[in-house]
């Protein structure tokens with residue numbers, strides 16, 4: 001290899017409706033500016049097309065997962081997640097990606113971080129961003145993770161093997177509190193723009209939930225439709241910035257977009273109603289308990305984040321949140337919540353003991369897309 005080039009073993013793995021670049025912890029420098037520079041160059045940021053890197057020019061495909069063997073008792077791997085900005089030289093390390101958590105499970109099996117057993121291998125994962133334990137149940141055959149199966153998830157073409165991801169003690173993944181503002185519901189007054197009701201709930205991931213009708217929306221709009229409404233996106237970001245202050249994530253609302261672009265997430269919700277998904281399929285009101293849309297990094301998520309789904313599941317157990325207010329009344333208190341995300345119904349299992357959420361579970365598919373070596377010019381790392 002040329003002396004002016006650096007190389008890194010890597011994989012690209014899809015987990016749920018996201019995909020990310022997987023790197024080995026022992027082949028990277030410790031956390032800091034140099035490591036960030038390597039990852040930004042590998043993904044091709046900052047550049048709206050990420051043309052000189054491996055990113056997919058979208059927040060769902062501009063992600064990094066750093067994996068290493070865990071020294072913690074009972075854990076198989078340590079996993080660090082980074083949300084890599086597409087058009088800025090910025091990586092947000094504050095929280096976890098629930099979709100890619102599923103991918104960590106198949107990666108750990110295939111890269112021999114865990115002893116594989118059939119028919120299933122339970123991979124015990126420690127997420128360093130949130131200091132939380134999660135478990136991925138991976139179907140296995142002949143010592144390898146199975147990717148083919150008959151399970152379909154909204155937002156991913158075709159079918160795959162069914163993975164179960166469980167998040168233990170999920171409350172306060174980023175802020176340390178299930179209700180970071182201290183209230184199930186808050187009101188933000190933007191003067192002439194109006195007053196807006198919101199809830200901030202942090203379970204794996206903090207999310208700011210807005211009422212669709214207060215944004216002038218029906219709630220059933222698809223992500224591409226919302227992204228064609230710059231005034232709505234700007235209003236959502238303004239409210240997210242105010243909520244980030246209330247939640248203690250940033251000190252000033254002016255700092256939220258620059259210093260905490262990925263957390264909290266933001267979205268809007270409405271009562272169950274019919275809508276047509278991006279594939280032209282009718283999703284009926286009776287198939288879901290509420291309708292919800294989420295965004296991250298000032299863009300709308302094309303489907304629904306797993307961390308966001310876990311947060312939504314938690315919010316559905318708390319009287320007074322906007323989720324509680326809009327959801328189907330007969331769904332309150334049930335163990336499974338059906339979220340009407342853009343592509344259809346998505347289920348979240350919620351387990352509680354003595355009023356506390358002990359675990360939330362979701363189902364995903366995942367697939368290893370590529371193993372290889374990525375190259376970057378050494379000169380780009382000059383500090």
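Every read-out reported here was derived from the displayed coordinates using simple, explicitly stated rules and does not represent laboratory data. Bear in mind the structure is a predicted one, so any value in this text is a computation, not a measurement. Methodologically, a virtual Cβ is constructed for each residue, glycine included, from the backbone with ideal geometry; neighbour enumeration extends over all protein chains shown.
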### Message
With the crude spin-label approximation of a point 7 Å out along Cα→Cβ, what separation in nm comes out for residue 371 versus residue 159?
### Response
2.7 nm
### Query
Rounded, prolate or oblate: which one fits region 159-247, using the alpha carbon gyration tensor with axes a ≥ b ≥ c (rounded when a/c is under 1.5, else prolate when a/b beats b/c, else oblate)?
oblate
### Query
For the chain, modelled as a GNM with alpha-carbon contacts under 10 angstrom, which of 280, 68, 333 fluctuates the most?
280
### Message
Can you give me the angle between helix 230-246 and the longest principal axis of the chain, using Cα atoms only, in degrees from 0 to 90, rounded to the nearest 10?
### Response
90 degrees
### Query
Where does helix 306-315 land angle-wise versus the long Cα axis of the chain, in degrees 0 to 90, nearest 10?
30 degrees
## Note on the structure
At q = 0.18 Å⁻¹, the log10 of I(q)/I(0) for region 247-323 from a Debye sum over equal Cα scatterers comes to -0.86
### Query
Tell me, in nm to one decimal, what length is gained between residue 379 and residue 141 on full extension, where the rule is 0.36 nm per residue of separation less the Cα-Cα distance?
81.3 nm
### Query
Using alpha-carbon pairs under 8 Å, 6+ residues apart, how would you state the relative contact order of region 303-383 in percent?
22 percent
### Query
Relative contact order for region 186-351 using alpha-carbon pairs under 8 Å, separation at least 6, rounded to a whole percent?
24 percent
### Message
Can you tell me how region 36-184 classifies by the Cα gyration tensor, rounded, prolate or oblate, using a/c under 1.5 as the rounded cut?
### Response
oblate
#### Entry: Förster-model FRET efficiency, 25 Å R0, residue 3 and residue 49, C-beta, rounded to 0.05
0.30
### Message
I need the peptides 207-219, 366-378 ranked by packing, meaning the mean over residues of other C-beta atoms within 10 angstrom, with the highest value on top.
### Response
207-219, 366-378
### Summary
With R₀ set to 22 angstrom, the calculated FRET efficiency between the beta-carbons of residue 58 and residue 258, to the nearest 0.05, is 0.60
### Summary
Check: C-alpha center region 193-207 vs C-alpha center region 1-52, spacing in Å is 32 Å
### Message
Please compute the length gained on full extension between residue 356 and residue 228, using 0.36 nm multiplied by the number of residues separating them and subtracting their Cα-Cα distance.
### Response
42.1 nm
### Query
For the chain, what does -39500 (n - 2.57) per DSSP helix run (n ≥ 4), summed and divided by total residues, give at 222 nm, in deg cm²/dmol to the nearest 500?
-5000 deg cm²/dmol
### Query
With labels modelled as points extended 7 Å from the Cα through the Cβ direction, what inter-label distance (nm, one decimal) is found for residue 197 paired with residue 218?
2.2 nm
### Query
Which of these, 190, 198, 337, has the largest mean-square fluctuation under a Gaussian network model of the chain (Cα springs below 10 Å)?
190
### Message
Taking only the Cα atoms of region 186-351, how large is their convex hull per residue, in Å³?
### Response
100 Å³
#### Entry: Value of relative contact order over the chain, rounded to a whole percent, pairs C-alpha under 8 Å and six or more apart
19 percent
### Message
Using Cα springs under 10 Å in a Gaussian network model of the chain, which residue among 361, 194, 44 shows the largest mean-square fluctuation?
### Response
194
#### Entry: Modelled FRET efficiency - R0 56 Å, residue 331 with residue 93, Cβ distances, 0.05 increments
0.95
